[in-house]
Amino acid sequence: MKKTKISKAVLSFLLILTLCTGCAPASVITDPTAAVPTASPAPPPADASAEESPWHKFTRTDMSVFDTVISLIGFAKEQAEFDAIADEAVRRLREFDHIFDGYNEYEGLHNLYYVNRYAAQEPVEIPEPLFDLLSWCKEQWEAGLRETNVAMGAVLSIWHEYRDAGTKNPDAAQLPPMEDLQSASQHVSFDQVTLDEEKHTVFFSDPALTLDIGAVAKGYAADAIADYLYSVMPSFLLSLGGNVYAGQPPLDGRAAWAVGVQDPKHSTEVGSGGVLDVLDVHDKTVVTSGDYWRYYVVDGERYHHIIDPETLMPSRKMLSVTILCDSSVLADFLSTALFVLSYEDGRKLADSLEGVEVMWVLPDGTVEATEGMADYARSLRGR
Ligand code: AMP
Ligand code: MG
C-alpha cells in the first residue's frame, strides 16, 4: 500500500458508481466516459485514429464483494485479456472483503470479526493487510488525527444497531440513548490496542473496545487493486462503491478520466441527486464521504453514518467532502475526518498536506475547495 504519511466516501461517480446505502444496494452504473464529455481539450492526434488503435475499452461490474457495486473499466487488446485481469481483481477484492469483514466469520481466518471477538483474551495473529491497515491507522491516531478513529467500534456498533432496526421498521425508529453512547465512548482509545510488529498480533487491553474499519477498508483495498492493475492494465478506472481510482489516461485519445461528484444537496441515496461537478483525473484517487449514505430517519430527520467522536452524534458540519490525492486509504481516512471537522479546521489540515485536494459541500450547499482542485474540477477551471 502507498504509505502516505499524514499523516480519508464518494461519490465520485459518474463514473460509475454507486453503491449501497445500508440496506438494499441502489446501484447505478454510468460509464463516465460516455456520460460525460471529456474535458480534455485536445482531440487525439490524427494518426492515433480510433479505428487503428489496438486498444479496446472493456467494463466489468460485480456486486459480490464489499456489499457494494464494484466497477472496472480498462483498456486492453482483447476481451479474454481483460476478463482474466478483472477475474483476478475481483478475487483479490474478495480476499480483502473477508479479511476486513466485521460481521462474518470464515473458517481459519483471523479477520476483523475474529479480532473483535478474541483480541481482548489474547493476542491474535492477523493477516498482513489487516495488520498493515491497523498500524497505519494507529500512526494517524498517534499523530493527533483522531476524528477518524477506527477504535470507535463500541460507539459505532450502537448506531449501527439502531440504524438497522430503524431501517427495517421505520415507524419504530429511535435514536440510541445518549447514556449508552457515552458509556461506550469510554472504550475507544487506540492506546488500548497493541500491535506487535514481530508477531503480527493485535491485542486489546480494554475488553469493551472493538474496531470498525468501515472508514478506511475500501480505500486500502482500492490502493492494492490499483497496484495490481498498474502492473497488468495501466489504463483503468476502478470504483469500489464510491472509492474511485483512476489509472493512466484512457487509451482513446482523452487526456483523463471523468469522475463525477454527486450533488449531496439533492441526494437521498447514493447515485441520486445529480452531479455537482466533474473531476478530470488520471493516476489519482477520488473519495467522497456524504450524508446521503447509510442513514435512517427518526421523527422526520436523517441520521447518517459518520459519527463525530466529540458529540457521539452524526456530524452536521458537511453535506459531503471529496478528497483527491494519490493514496486511496489516505483519501478514505481524510474524507471521514474532514466530514467531522469544521470547514476552517479541515481547510487548515488540507492545506498542510501536500498533494491532497479537497471539495467541501457545506450544509447550505456552498461549495469550497482547495486551490489545487481548480486543476481538476470543471466548475473551477480558470478560477
Ligand atoms: P466513510 O463513508 O468513508 O466516511 O466511512 C464511514 C464509515 O466509517 C461508517 O459507516 C462507520 O462504519 C465508520 N465511521 C463513522 N464515523 C467514524 C469516525 N468518526 N471514525 C472512524 N470511523 C467512522
Ligand atoms: Mg472513508
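The values are calculated or read from the model by the stated rules, or taken from the named source; none is laboratory data. This is a predicted model, so every value here is computed, not measured. When we count neighbours, we look across all protein chains shown, and the Cβ atoms used for this are built from the backbone with ideal geometry, even at glycine.
Restricting region 209-228 to residues that are away from ligand 1 (no atom under 11 Å from the Cβ) and within 18 Å of Arg117 (Cβ to Cβ) leaves a set whose member that is surrounded by the fewest Cβ atoms within 10 Å (Cβ to Cβ) is Leu209.
With Phe66, Phe100, Phe131 as the choices, which residue is at pLDDT below 95 and within 21 Å of the chain's Cα centre (by Cα)? Being at pLDDT below 95 and within 21 Å of the chain's Cα centre (by Cα) holds for just one of Phe66, Phe100, Phe131, which is Phe66. The residues of region 110-127 that are surrounded by 17 or more Cβ atoms within 10 Å (Cβ to Cβ) and either assigned to a strand (DSSP E or B) or aromatic (Phe, Trp, Tyr) (or both), listed by number, are Tyr113, Tyr114, Val124.
Within region 356-383, the residues that satisfy the criterion of being surrounded by fewer than 16 Cβ atoms within 10 Å (Cβ to Cβ) and under 18 Å from Asp326 (Cα atoms) are Glu371, Ala374, Asp375.
Quick check on Thr148: is it within 28 Å of Ser64 (Cβ to Cβ) and at pLDDT below 95? Judged against the criteria, Thr148 is not a match. Looking at Val244, Val287, Val261, can you tell me which residue is within 11 Å of ligand 1 (Cβ to nearest atom), surrounded by 24 or more Cβ atoms within 10 Å (Cβ to Cβ) and within 18 Å of the chain's Cα centre (by Cα)? It is Val287.
For region 344-380, the set of residues classified as among the hydroxyl-bearing types (Ser, Thr, Tyr) and touching a strand residue (DSSP E or B) at 6+ places or on another chain (Cβ under 6 Å) consists of Thr370, Tyr376, Ser379, listed by residue number. Would you be able to tell me the number of residues in region 51-109 that are more than 18 Å from Ser231 (Cβ to Cβ), β-branched (Val, Ile, Thr) and either touching a strand residue (DSSP E or B) at 6+ places or on another chain (Cβ under 9 Å) or part of a loop (DSSP other than H, G, I, E, B) (or both)? The qualifying residues number 6. Hey, among Gln182, Gln174, Gln140, Gln186, which residue is within 16 Å of ligand 2 (Cβ to nearest atom) and outside any strand (DSSP E or B)? Result: Gln140 is the single residue among Gln182, Gln174, Gln140, Gln186 that is within 16 Å of ligand 2 (Cβ to nearest atom) and outside any strand (DSSP E or B).
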